[in-house]
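A.B. asks: Handing you this structure, nothing more for now.
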Amino acid sequence: MTELEAGRAQTLAPARSGAALRRYRDVLIALIAFAVLASLPLLSGSKALLDFVIRCSAYGLFATSLNLLVGYTGLTSFGHGMFFGLGAYSFGLIMQKLGVPIPVAFVATLAITAVVAAIIGAICVRLKEIYFAFVTLAFQMLIHSTILSWASFTGGDQGLRGGIPRPAFLGINLANHIHLYIASCALLILGLLAMRQIAQSPFGYTLRMIRDNAARASFLGIDVWRAKLTVFVLAALFASMGGMVMALFVSGAYPEFAYWTISGEAIFINMLGGVSTFLGPMVGTVLLLLLNDTVTRFTEYHGIVLGIVILFFALGLRKGLLDFVAEWYAHRRETGEGR
């Protein structure tokens, strides 16, 4: 028995060291990415560029969190936008009504999101495929209707008016555009790094097993319901972070943040960038925002243009852009080795 355990330890040691190396590599890449983003204000004085990166931070966190459900767990949610809106509204209301420091409001918003996601998720993750998708959409419409009907608290269809207070903390003043930009980039990098660690952890590979064959995973002793609920709550927390970044950017919150179309945009982003690669949703976010900003300058029929783009990716490439590039590179590498 001792010899078997020793042999098993020797077998696991290279895998553990490889995982540690990947973790350090991811941290190094994250630091380099943050350094590049933080240097943009020094390299370019364009406020539009900084605004674009802030919007990418909000939608990137949101879309990548959805990919934890879609790409890694096989749960297609049509209502994931409710947590984006919940994060924006909870953060804005806490700052307006209570006037607490921003870090306190940030943590409180995540706690509220976790509770709501746990309640909704406990119901939804028991369902399969299309039923899961439509029940999440139903909950999103319920939250959106609550926002509209509770006008005395949420501002109704006018959204939160009066702006969001931004008291300085630890020398950081989010009323300053540069400080807001740096904070948004930091949240983006930290959020992506955390999601990357989740995806590469044993829990992440458990999610892949559930995606591929939930029945087999259950036979192997995995609590499928608990794993799905856990990733549902985690994805909601990162989507809520994206909502808070957007609320700070626009200094408010609006019903559109919790409407069903915001979930559609996240699904579209994942289709554009790809769901089988971790950075696919970030690529899709940049593509979608560039398309929106470019097309709306030339025509008011931007919906038609976006529809054509969807058809191109759905019928032409049949996969996201980064998925296509990764598959092409792998095929080229195999061909080169065959020679």
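A.B. asks: How much accessible area per residue does the chain have, counting only protein heavy atoms and a probe of 1.4 Å, in square angstrom? Display every interim value, and only then the final one.
C.D. replies: Details: 17570 Å² over 339 residues.
With all protein chains present, the chain gives 52 Å² per residue.
A.B. asks: Spelling out what I want: for every residue of segment 302-312, take phi, set θ = phi - 60°, compute 6.51 cos²θ - 1.76 cosθ + 1.60 (Karplus), and round to whole Hz; glycine and proline get x.
C.D. replies: Once rounded to whole Hz, the list reads 5, x, 5, 4, 5, x, 5, 5, 4, 4, 4.
A.B. asks: Please list M241, M195, M271 from largest to smallest accessible area, probe radius 1.4 Å, with all protein chains kept in place.
C.D. replies: Order by accessible area, largest first: M271, M241, M195.
A.B. asks: Given the Cα-Cα distance of E327 and N173 and 0.36 nm per residue of separation, how much length would full extension add, in nm?
C.D. replies: 51.0 nm
A.B. asks: In nm, give the distance between the simple-model label positions of A48 and Y131, each being 7 Å from the Cα along the Cα-to-Cβ direction.
C.D. replies: In this crude label model, A48 to Y131 measures out at 5.0 nm.
A.B. asks: Here is a further query. What does the net charge come to around Y59 if you take all other residues with beta carbon closer than 14 Å to its beta carbon, with K and R at +1 and D and E at -1?
C.D. replies: Residues near Y59 contribute -3 overall.
A.B. asks: For K97, which lysines qualify as cross-link partners when the Cα separation must be under 25 Å and same-chain residues fewer than eight apart are set aside?
C.D. replies: Leaving aside lysines fewer than 8 places away in the same chain, none come within reach of K97.
A.B. asks: Given a 1.4 Å probe and every protein chain left where it sits, what share in percent of the accessible area of segment 73-192 is carbon and sulfur?
C.D. replies: Ligands and nucleic acids excluded, carbon and sulfur give 71 percent.
The values are calculated or read from the model by the stated rules, or taken from the named source; none is laboratory data. Just so it is clear, the structure is predicted and the values come from calculations on it, not from any experiment. Note that we place each Cβ from the backbone using ideal geometry, even for glycine, and neighbour counts take in every protein chain shown. We work out accessible area using only protein heavy atoms, side chains counted, and drop any ligands, DNA or RNA first. Shrake-Rupley method; radii C 1.70, N 1.55, O 1.52, S 1.80 Å.
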